[in-house]
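Asks: Take this structure, written in structure tokens, and hold onto it; I'll ask about it next.
What follows draws every value from the coordinates through simple rules; no lab data is involved. Everything numeric in this text was worked out from a predicted model, so none of it was measured. As a convention, Cβ positions derive from the backbone with ideal geometry for all residues, glycine included, and neighbour counts pool all protein chains shown.
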Amino acid sequence: MKISDKLFLKEKNLNLRILTLLLLVAVVSCQQNIPRDKDVSILKDKADSIATLSQNVLLQNVAGAIQKGGTEYAVDFCQVEAIPITDSLSKEVQMYIQRITDKNRNPKNNLKTKTDRSIFDEFKRKSELFDTLLIEEKQYVYYKRINLAMPTCLKCHGNPQADIEEKTLKKIQAHYPKDKALEYQIKELRGVWKINISKTK
């Protein structure tokens, strides 16, 4: 599977909070040189392409599961296969790929660090924020917005009374007793892609 070289970069201004975070990270990084704007743009383009690929592969697999056995079967499929799919893509591109959110279904997708929470809060506050790149000591960390884009997504993530079939809801509750990933609406922020890129790459 090849990563597209097409460029989808959408530069967004970071607010003072993220700029402060970048400065702090730069100080901690033993005064390593910050890459030129052109280098950062190229890096963001590559990371964006990987995030887009990951999203497409995941959606195609979920759509296939729904077509095969409906949303109830898709819940089983996601419980077993969603994380391995992103892990497989991580190995292929040699970068660590995650989906993270404040309303996780799988506990592995939860916001685990203060930085993740801070960045996610920025995405929630600023609907125009498309992506951002942090520069750390040994790696770059790319974040990209995931909005809930398709009505089909509501069949597992919408209103339990209006959007989700009873059998599907019971399956969700069985697999994820602490599920938070409900009550979403179309175009709402669902999560972000997080891609860790080693500086040796």
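Asks: Determine, for 80, 141, 192, the number of other Cβ atoms within 10 Å of each Cβ, and report the residues in order from fewest to most.
Replies: 80, 141, 192
Asks: Counting only C-alpha contacts under 8 Å and six or more residues apart, can you give the relative contact order of segment 118-201 as a whole percent?
Replies: Taking the mean separation of contacting Cα pairs over the length of segment 118-201, I get 39 percent.
Asks: Can you flag which of 68/144; 91/187; 44/187; 124/170; 155/187 are past 26 Å Cα-Cα?
Replies: Correct reply: 68/144; 91/187; 124/170.
Asks: Still on this structure, I have one more. Fewest Cβ neighbours within 10 Å first, please rank 152, 101 accordingly.
Replies: Numbers: 152 15, 101 19.
Lowest to highest Cβ neighbour count: 152, 101.
Asks: Can you list residues from other chains, or at least 5 along the same chain, whose modelled amide H is less than 5 Å from the amide H of residue 191?
Replies: Counting only residues 5 or more places away or on other chains, the set is 146.
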